Amino acid sequence: MPLISPMNLLSTTVDPQEVYSEGLYAPANPPDSIEVLNGGLDSSNYGDADKTLPVWTTKIGSFAAGFYSGFDSWDFIYANQSFDSDDATTDLSIRVKHSSLSSKIFLPWDASVVLYGFQAFFRQDATQVFEEDNAQYWNAQVDFGGIQESLYTVFPRSRADEDEEWDSGLAHEEYWPYVTKQHMSTSVAMGYKNISMSIWSKISAESFAERKEKLLTPTGAIWILAIR
Amino acid sequence: MSVDTPGSGDLITKTSVESMHTSVAGVINDVKQGQMGGSTLGPSQLPSLIHTADTLSITSAETVTFDDSFDETSIDTSGGWARLSSYNLDNGGTGGYELPYPGFIYAYCSLRVSEWLAFTSLGSEDGNEQVWANLWYQKDSVNQKLQRNSRFINIKKPTHAVFVDASSDDFFTVEDTISIAWLEEVTAGTLNLITITAAGNYGGASSTNANTATIANGTIGFFYIPKVV
């Protein structure tokens with residue numbers, strides 16, 4: 001970085017124009033006044049290779065921002081929270097938000113792409129899984145700038161009780177389905193963004209009366225990677 | 001950094017101006033170059049890293065056919081492999097995406113394998129039926145990563161089939177996920193397409209009982225970051 005040269009005023013009296021031109025701020029190339037404070041980046045700051053900048057010249061987070069929220073305490077959602085005839089609803093006002101797999105993040109700049117996803121172990125109580133009389137199952141929707149139907153997930157069987165005939169053959173208590181999915185949005189504007197998973201269940205009237213059916217999430221995480 | 005300000009009634013002289021200048025210059029000249037340049041550049045000055053990105057959200061179902069001729073090492077659509085036609089990133093059929101500089105491609109997909117159909121109503125006898133998928137790309141008309149990124153899931157057998165109605169759809173529920181992601185260094189050229197091939201296979205000693213499997217919905221996408229511009 002160039003040095004500021006000593007001031008040498010030639011006028012016999014104080015001349016404001018001369019003071020400005022000689023001292024405090026007088027743009028020049030190379031700069032020899034307080035102009036050197038204006039960034040301090042010139043060709044001498046470049047890295048060894050052409051068109052490169054050393055890492056220390058850039059602010060952390062200039063190109064990418066990441067967010068990760070993991071948990072390892074059991075999350076419980078009971079089917080009775082979501083009992084409704086419309087099990088496939090995407091109305092987030094009545095679906096149950098999975099609080100451990102939801103968050104609000106701040107995007108400090110407009111992003112070219114935002115990658116997002118989740119991974120979690122699930123253990124659900126449901127007698128049967130899908131498309132069957134008395135079918136019982138759980139599903140999940142991921143919302144990032146709107147419901148992402150392409151990430152729609154139905155949880156596979158993992159019912160605990162294998163002894164009763166009605167429950168038999170459909171699950172292992174020790175079987176915790178693991179689900180990991182991801183997707184990407186492009187041209188996302190800066191600001192606060194919500195990412196959330198919502199849960200819905202379909203259970204029989206008998207199970208509803210028992211009030212025991214639940215979705216357990218022993219461990220999991222959501223993540224976001226935004227790149228300018 | 002500070003400068004002694006003149007008091008009320010003091011005369012501003014050449015000497016006092018030069019003194020103030022010397023005071024300021026001395027402080028500034030002691031600042032190290034690295035301190036000045038450090039963290040100077042931010043989002044306002046620096047360009048975006050992403051040159052090209054594209055993604056698809058697929059909600060229409062795709063069918064994977066099981067084939068006894070399955071060959072894991074096949075590098076084309078023989079050996080039981082077939083393209084998932086919906087999962088096709090080719091820039092809207094315009095021939096692909098320009099890669100003007102060497103750089104990196106990140107690609108991903110997540111597939112929901114929802115159910116399968118068996119030749120018999122008994123479901124899987126041993127849970128050895130498999131659904132395979134492979135995320136690959138074609139660049140400069142040459143197929144890449146055809147073998148190196150396959151993933152598969154096993155179809156699980158019911159635990160107590162004897163108790164359950166053999167026609168139960170539950171026999172045929174899979175509800176498992178295939179997610180693949182990779183990062184690839186590429187040279188300049190044309191990225192023709194990124195897509196998925198899938199196959200059904202039987203991993204056991206006897207022949208498969210599976211007919212087809214359904215991929216109900218899924219995602220696919222990529223972005224390209226030039227290494228040098």
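Every number in this text was worked out from the coordinates using simple rules, so none of it is lab data. It should be emphasised that the depicted structure is a prediction, and the values quoted were computed from it without experimental measurement. All Cβ positions, even for glycine, are placed from backbone atoms using ideal geometry, and neighbour counts span all protein chains on display.
Listing for the model above:
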item	result
Estimated inter-spin distance, A:Tyr25 and A:Phe106, nm [label 7 Å along Cα→Cβ]	3.0
Exposure proxy order (Cβ contacts within 10 Å, fewest to most) of A:Val96, B:Val228, B:Val131, A:Val179	B:Val228, A:Val96, A:Val179, B:Val131
Too-long pairs where the Cα-Cα distance tops 22 Å, listed order kept, from A:Lys193/A:Lys214; A:Lys104/A:Lys212; A:Lys104/A:Lys214; B:Lys32/B:Lys227; A:Lys59/B:Lys227; A:Lys181/B:Lys227	A:Lys193/A:Lys214; A:Lys104/A:Lys212; A:Lys104/A:Lys214; B:Lys32/B:Lys227; A:Lys181/B:Lys227
Distance (nanometres) between label positions extended 7 Å along Cα→Cβ at A:Val14 and A:Ser93	7.0
Rough spin-label spacing in nm, given labels placed 7 Å along Cα→Cβ, for B:Asp68 and B:Phe119	0.6
